[in-house]
Amino acid sequence: MTKRFLILYIFAGFACAQSGEFWLGAGTSILANTNIGTPVPDGQPDDTTLGNGFRLNFRYTFNTSGHFGHELQYAYNRTTFTDNTGAILSDTSSVGTAIHQFGYNLLYYTRATSEDQKLRPFFTGGFHLSDFVLPGSGIPQGSSVKPGGNIGGGVKIRLSPLFAVRFDAREYLTGKPGWGGLLTNRGGLLYQTEISAAFGVLF
């Protein structure tokens with residue numbers, strides 16, 4: 001009986017500490033400054049563009065004592081690639097494709113981390129790598145990896161000692177893909193807004 005009580009006590013303490021969190025989320029990916037260049041000489045930046053889509057993300061958070069947390073993330077972003085020249089897409093002008101994102105973010109909670117906190121607003125900033133997948137008929141699929149940074153905020157809401165939900169809004173700035181010189185005259189950065197919700201397991 002004593003051993004069972006001790007095991008339950010240790011497990012309960014571990015569960016309530018909530019030093020780690022795993023999140024599965026979904027939301028929207030809204031892009032701006034979407035002109036990404038041209039594949040033809042003397043072309044225009046809007047010869048190829050990217051479009052809005054949905055976003056699926058996985059996040060692992062490790063909370064230290066006090067106000068800070070560290071977060072690793074992966075996100076799958078669905079976007080639309082449009083080629084107005086026909087040089088890349090020979091049989092259609094627009095096709096769905098992916099942007100894979102990997103990153104690290106530092107979280108600052110406005111309230112110190114505590115097992116009694118049910119509502120935890122936070123601000124966040126970090127860096128990421130975006131892998132833009134190039135679709136195309138007659139052109140092998142490829143990728144163009146670009147670095148970027150992001151800032152934002154959100155709130156985590158604890159539902160029980162083991163489960164929680166969260167809501168995030170973030171702004172990402174990322175270099176535009178070039179696919180090994182296939183696109184030129186790209187100019188500027190790609191702006192991406194994330195609005196998402198997620199379900200989390202706390203441990």
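Which of the residues spanning the range 54-86 are assigned to a strand (DSSP E or B), surrounded by fewer than 21 Cβ atoms within 10 Å (Cβ to Cβ) and of a type in the set (V, I, T)?
Hits for the range 54-86 are T80, T82.
Yes/no per residue for (1) out of contact with any Pro (no Cβ under 6 Å at 6 or more places or on another chain); (2) surrounded by fewer than 15 Cβ atoms within 10 Å (Cβ to Cβ); (3) β-branched (V, I, T):
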position	(1), (2), (3)
G154	yes, no, no
R158	yes, no, no
V165	yes, no, yes
R170	yes, no, no
T174	yes, no, yes
G178	yes, no, no
G187	no, yes, no
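Condition first: assigned to a strand (DSSP E or B) and either within 20 Å of T193 (Cβ to Cβ) or among the small types (G, A, S) (or both). Now tell me which residues in the range 87-104 satisfy that.
Passing the criteria: S94, G96, T97, A98, I99, H100, Q101, F102, G103, Y104.
If you scan the range 21-45, which residues turn out to be surrounded by fewer than 18 Cβ atoms within 10 Å (Cβ to Cβ) and either over 19 Å from S65 (Cα atoms) or at pLDDT below 95 (or both)?
Passing the criteria: L24, A26, T28, I30, A32, N33, V40, P41, D42, G43, Q44.
Considering (1) touching a residue at least 40 places away in the same chain (Cβ under 8 Å); (2) closer than 17 Å to Y172 by Cβ, say which one A98 fails and leave the rest.
(1)
The values are calculated or read from the model by the stated rules, or taken from the named source; none is laboratory data. From a predicted model like this one, the values you see are computed outputs, not experimental measurements. As a convention, Cβ positions derive from the backbone with ideal geometry for all residues, glycine included, and neighbour counts pool all protein chains shown.
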